[in-house]
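J.: One structure follows; several queries about it will come next.
The values are calculated or read from the model by the stated rules, or taken from the named source; none is laboratory data. Predicted, not measured: the structure shown is a model, and the values here were computed from it. Virtual Cβ from ideal backbone geometry, glycine too; neighbours counted across all protein chains shown.
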Amino acid sequence: MRLKSLIPVAMMLSTTPALAEKGKPEAPDREVWVTMGADAVAPMRESFKSAGWEEPTAVVAKEQAAMFRLRESQLSRLATLMHEKFNRCAGFITSETREEALATLEPALAVAPQNLVTYTLNNATTVNTLMGAMTEANVRGTITMLSGYSTRYYTSQGGVDAANSLLAKWKGYVPAARTDVKVELFRHTAWAQPSVILTITGTTLASEVVVVGGHLDSINSSGGNAPGADDDASGVASFTEVIRVAMARNYRPQRTVKFMAYAAEEVGLRGSKEIAAYHKNNAINVVGVLQLDMTNYKGSTTADVALITDNTNAAQNTFLRNLITTYVKIPQTNSTCGYGCSDHASWNAQGFAASIPFEATLSTSNPYIHTANDTLARSANNANHALKFSKIAAAYVAELAKGTAQ
Ligand code: BES
Ligand code: ZN
């Protein structure tokens, strides 16, 4: 039942004209339409019976909800019952007209069906075109650029400058003819660092959105330099390479694809929280979210990638396992964070399907993060490992957003 206008119990008690249980109403006891969940019907009958009232008959009885014509003076007893028995703060809806009451019985319509997508692997040509154009040097270049700032802390000048230089880098990849592509800052009111978003509008399914992201900010828990080469220049660099080849190979997705470098992850996933809420509040149909956070430290000798299974979507994780087996052909395993450890959790919390393929198992991941030693040197000064995640992201985009490339 769609609860259109829940009236707080306290308010209802004060506006209900004198209580029939204790005496005569001062105002004429009008009849109103009342709708409630089906589970409340029997308790209401019991309660009315014990007050010596006639048992109400439902005007409409559906599986989930029912509609009654009650006297206004009966509402306070109903409210008390709801509160005591169901711990609901009204638990029923009163309407002045029959039509209004009937409307409250209809299931919610307004919100477009979300997250409905079928996972198929049938776009190998596009996947291989994109993957084949990727290079380690480009991924390394982005890591070097971002980790060159002494810090990208969300309130620092470096944090702002890094956002602007990433914006410029992405803009530089976009040919003038690509009017379907826009690159912009997403500003946050509470701190200086913006998030950066590149959108490729889909050709045939533009309202369905595929998100690939990672966080732009860095942190040093003891306050010194925060190069954040692995956490998370690597993740941003991995998908920046997807952007580069997508533009170089004239990739035209059927679904809309948004690449996002989030501000303020290290201080509570704050940038992604605002962005995920924005998508939810505007009923934007985000069909899948891929998070890349820490992709360049090869901590495990047995698995190149660990799929995080908590705060993520199981069906999409299966899709990713299949993509990795089919296209990237690297050993994989599962791992857990045990908490919402990165921006995927912001999307997951809003009900969107999110996944995070990670550089290693949690216990074998980069021990230098959040220190001045989170540098490319700790990954042998190359981006070989992060390039594997560029390929995972390319396969994910080409098989979820579909589309062609040359
Ligand atoms: N990249 C880390 C998360 C991480 C660390 C994953 C180690 C796996 C292994 C991320 O940038 C981070 O530090 N997240 C915060 C989340 C918190 C602010 C909600 C964390 O883990 O403390
Ligand atoms: Zn971190």
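J.: Looking only at the range 54-65, count how many residues are in a strand (DSSP E or B), surrounded by fewer than 17 Cβ atoms within 10 Å (Cβ to Cβ) and among the small types (G, A, S).
T.: Summing the residues that are in a strand (DSSP E or B), surrounded by fewer than 17 Cβ atoms within 10 Å (Cβ to Cβ) and among the small types (G, A, S) in the range 54-65 gives 1.
Every residue, every condition in (1) in a strand (DSSP E or B); (2) of a type in the set (V, I, T); (3) within 18 Å of D29 (Cβ to Cβ); (4) in contact (Cβ under 8 Å) with a residue 12 or more places away in the chain, yes or no:
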| site | (1), (2), (3), (4) |
| --- | --- |
| G52 | no, no, yes, no |
| M67 | yes, no, no, yes |
| I93 | yes, yes, no, yes |
| E99 | no, no, no, no |
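J.: Within the range 189-223, work out how many residues are assigned to a strand (DSSP E or B) and acidic (D, E).
T.: 1
J.: List every residue pair whose Cβ atoms sit under 6 Å apart, with the two residues 6 or more apart in sequence or on different chains, where the first one lies in the range 326-345 and is free of Cβ contacts under 8 Å to residues at least 12 places away in the same chain and the second, anywhere, is more than 13 Å from ligand 2 (Cβ to nearest atom) and in a strand (DSSP E or B).
T.: Sorted first by the residue in the range 326-345, then by its partner, the list stays empty.
J.: Would you mind finding the one in I219, I200 that is aliphatic (A, V, I, L, M), in contact (Cβ under 8 Å) with a residue 24 or more places away in the chain and within 11 Å of ligand 1 (Cβ to nearest atom)?
T.: I219
J.: From the list A386, A345, which one is in contact with a Cys (Cβ under 9 Å, 6 or more places away or on another chain), in a helix (DSSP H, G or I) and either in the same structural domain as A263 (by TED's automatic domain parsing) or within 16 Å of ligand 2 (Cβ to nearest atom) (or both)?
T.: None of the other options fit; the residue is A345.
J.: Separate question: Determine whether the range 274-295 contains at least one residue that is in a helix (DSSP H, G or I) and touching a Ser or Thr at 6+ places or on another chain (Cβ under 7 Å).
T.: Looking through the range 274-295, at least one residue is in a helix (DSSP H, G or I) and touching a Ser or Thr at 6+ places or on another chain (Cβ under 7 Å).
J.: Still on this model: Within the group Q316, Q291, which residue is buried (at least 19 other Cβ atoms within 10 Å of the Cβ) and more than 16 Å from ligand 2 (Cβ to nearest atom)?
T.: Selected residue: Q316, the only one of Q316, Q291 that is buried (at least 19 other Cβ atoms within 10 Å of the Cβ) and more than 16 Å from ligand 2 (Cβ to nearest atom).
J.: Which condition does I330 not pass, out of (1) within 16 Å of ligand 2 (Cβ to nearest atom); (2) touching a strand residue (DSSP E or B) at 6+ places or on another chain (Cβ under 9 Å), if it passes all the others?
T.: Unmet for I330, out of (1) within 16 Å of ligand 2 (Cβ to nearest atom); (2) touching a strand residue (DSSP E or B) at 6+ places or on another chain (Cβ under 9 Å): (1).
J.: Is there a residue being among the polar types (S, T, N, Q) and closer than 23 Å to L130 by Cβ anywhere in the range 202-218?
T.: The answer is yes, given that some residue of the range 202-218 is among the polar types (S, T, N, Q) and closer than 23 Å to L130 by Cβ.
J.: What number of residues within the range 334-364 satisfy the criterion of being surrounded by fewer than 19 Cβ atoms within 10 Å (Cβ to Cβ) and within 14 Å of ligand 1 (Cβ to nearest atom)?
T.: Of the residues in the range 334-364, 11 are surrounded by fewer than 19 Cβ atoms within 10 Å (Cβ to Cβ) and within 14 Å of ligand 1 (Cβ to nearest atom).
J.: Okay, moving on. Name the residue, out of A395, A377, A372, that is over 25 Å from G338 (Cα atoms), small (G, A, S) and touching a Phe, Trp or Tyr at 6+ places or on another chain (Cβ under 7 Å).
T.: The conditions single out A395.
J.: Quick check, is G268 more than 29 Å from D180 (Cβ to Cβ), within 13 Å of ligand 2 (Cβ to nearest atom) and either not assigned by TED's automatic domain parsing to the domain that holds N384 or not in a strand (DSSP E or B) (or both)?
T.: Yes; evaluated as a whole, the condition is true for this residue.
J.: In this structure, is R270 on the phi < 0 side of the Ramachandran plot, within 13 Å of ligand 1 (Cβ to nearest atom) and among the basic types (K, R)?
T.: So R270 passes the test.
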